[in-house]
1. Starting from the stretch 2-100, pick out the GluC sites (Glu not before Pro) whose DSSP state is loop and whose Cβ has at most 12 other Cβ atoms within 10 Å.
2. What are the ³J(HN,Hα) couplings of the stretch 12-19, residue after residue, when phi is run through the Karplus curve with 6.51, -1.76, 1.60 and θ = phi - 60°? Round to Hz, x for glycine and proline.
3. Please list 3J(HN,Hα) in residue order for the stretch 73-83, calculated via the Karplus relation 6.51 cos²θ - 1.76 cosθ + 1.60 where θ = phi - 60°; whole Hz, with x for glycine and proline.
4. Net charge near residue 59: determine it from the other residues with C-beta under 14 Å of the C-beta of residue 59, scoring Lys and Arg +1 and Asp and Glu -1.
5. What is the set of long-range amide H partners of residue 6 at a cut-off below 5 Å, with H atoms built 1.01 Å from backbone N?
6. Compute the helix-to-body angle for 24-34: its Cα long axis versus the longest principal axis of the chain, expressed 0 to 90° and rounded to tens.
7. Considering only DSSP beta bridges where both residues belong to the chain, give the percentage that are antiparallel (nearest 5).
8. So if we plug the beta-carbon distance of residue 32 and residue 81 into 1/(1 + (r/R0)^6) with R0 = 25 Å, what FRET efficiency do we get, rounded to 0.05?
Amino acid sequence: MPHRETVAAHVVTAVPRASADETVGGVLTRLAAEKPASVELVLVVGAHGRLEGALPLGALFAAPAEAPLARVMKPDFPRVTPGTDQERAASLALHHGVEALAV
C-alpha cells in the first residue's frame, strides 16, 4: 500500500489573519509592525474564526488602501484540509496559479 503524505506536514500556522471590515491600508500597516515570518496570504476570517476568503500579498499591495478586505478578498480562494493528500494540494495550487493554499 502506498504511503500517503498529507498537507498537515506542511502547514504554516503563523499566517496573517484579518477581518473583512479591516482596510487594506490598516492590514498593511499592521503587517509592517508585526513583521510576520511568512506572508504569502492574508486569511480573512469571521467572528468565530471561520475562513471567509483570502488575499495573496501581491493583490493586497495592488488594492486601494481605503478598500475593506470584504471588497478585495477572494471568497473562493482555493483551500484544502489538513488531511488532503499533498500531491492533490500541489495540483490544486498549480491549477489555480497560486503559491499557497488556505488550510
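Just so you know, all these numbers are worked out from the coordinates, no wet-lab data involved. What you are looking at is a predicted structure, and each value in this text was computed from that prediction instead of being measured. For neighbour counting, all protein chains shown are included, and Cβ atoms are generated from backbone atoms with ideal geometry for every residue, glycine included.
1. 5, 66, 99
2. Once θ is set to phi - 60°, the couplings for the stretch 12-19 become 9, 8, 8, 9, x, 10, 8, 9 Hz.
3. Each residue's phi maps through the Karplus curve to give 5, 10, x, 9, 4, x, 9, 9, 9, x, x Hz.
4. -1
5. Sorted by chain and number, the residues that satisfy this are 86.
6. It works out to around 70 degrees.
7. On the way: 8 of 11 bridges.
That works out to approximately 75 percent antiparallel.
8. 0.20
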